[in-house]
Amino acid sequence: IDGSSIRNRSHAIEYVLQKSFIPKVREALILAGGKGLRLRPYTYEMPKCMLPVSGKPVLEHVIELFRKNEIRDLVISIGYLGDKIKEYFGDGNKFGVHIKYIHQAGPERGTAPPVKQARKYMSSNSPFILYYGDVLAEVDLRDLIDFHTINKSFATMALTSVAQSSKWGMVALHGTKIIRFSEKPDEDKTFSHLINAGIYVLNPKIFESISSEDKKLEDDVFPRLAKEGKLVGYAFDGAWFDIGDLHIYEKAVKEWKKA
């Protein structure tokens with residue numbers, strides 16, 4: 001129905017109620033300020049989210065995913081070589097979306113400060129999607145949002161499964177709850193093949209859960225939310241590439257088939 005999969009009768013009822021009464025997710029924050037140190041020499045003159053895959057910058061694939069899911073109000077947090085992103089995408093009009101830009105404040109690296117900085121641009125009464133700009137994923141955003149809503153989640157993290165999970169943020173699930181989150185643990189301390197896919201649905205109150213001392217969501221915020229029982233996991237089985245790694249970028253160039 002309208003591009004969404006209906007699992008059963010009760011899900012159909014929930015779908016209708018959601019369409020009628022629940023605020024729709026129309027906003028997304030894309031983090032695209034990283035330096036891409038592991039992708040040098042490619043990133044000496046180009047931000048990593050602008051590296052080409054299937055004839056388009058990675059970030060253009062991301063924006064197309066949002067547009068197809070009717071999420072058209074985008075905020076892009078830029079830093080390193082951010083002017084090249086602005087020059088290419090502009091206000092987003094020719095890509096069918098509306099784009100605002102945030103210049104990451106200060107020299108500090110990390111994913112928490114840019115999210116905190118975006119607070120004034122996001123709605124105060126409906127969830128939004130947070131998406132890492134160096135991720136290519138075949139994920140059903142409508143189903144992810146539906147999952148977030150049905151579970152009345154504070155924060156929902158999209159999860160994918162990989163063989164070498166110690167390279168990313170590893171999670172342990174109990175039902176839908178993420179009860180443990182560990183960012184890049186030692187290989188001998190792995191406990192799961194499920195990892196953080198870099199895609200989230202977050203309630204606006206998330207801004208209150210990020211302190212001025214927090215540097216990385218993965219190190220400071222997500223482990224805390226997991227302990228508080230506020231973090232839910234949504235597993236999907238579509239293709240997923242974190243192109244921040246040179247080997248994975250080269251693999252994405254060969255395997256990513258989406259137009």
Could you tell me whether any residue of segment 39-59 is more than 30 Å from H11 (Cα to Cα), among the aromatic types (F, W, Y) and modelled with pLDDT of 90 or more?
-> no
Spans of strands (runs of 3 or more DSSP E) in segment 98-211 with at least 3 residues open to solvent by 20 Å² or more (accessible area, probe 1.4 Å) and modelled with pLDDT under 90 = 169-174, 177-183
For segment 58-97, which residues satisfy the criterion of being assigned to a loop (DSSP other than H, G, I, E, B) and open to solvent by less than 70 Å² (accessible area, probe 1.4 Å)?
-> N69, I71, G79, Y80, L81, G90, G92, G96, V97
Filter segment 212-252 down to residues that are in a loop (DSSP other than H, G, I, E, B), in contact with an Asp or Glu (Cβ under 6 Å, 6 or more places away or on another chain) and not aliphatic (A, V, I, L, M), then give me how many there are.
-> 3
Which ones in segment 224-244 are in contact with a Lys or Arg (Cβ under 9 Å, 6 or more places away or on another chain) and open to solvent by 40 Å² or more (accessible area, probe 1.4 Å)?
-> R224, K227, K230
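The values are calculated or read from the model by the stated rules, or taken from the named source; none is laboratory data. Quick caveat, the model's predicted, so the values are computed rather than measured. Backbone-built Cβ (ideal geometry, glycine too); neighbour counts: all protein chains shown. With ligands, DNA and RNA removed, areas are computed over all heavy atoms of the protein, side chains included. Shrake-Rupley method; radii C 1.70, N 1.55, O 1.52, S 1.80 Å.
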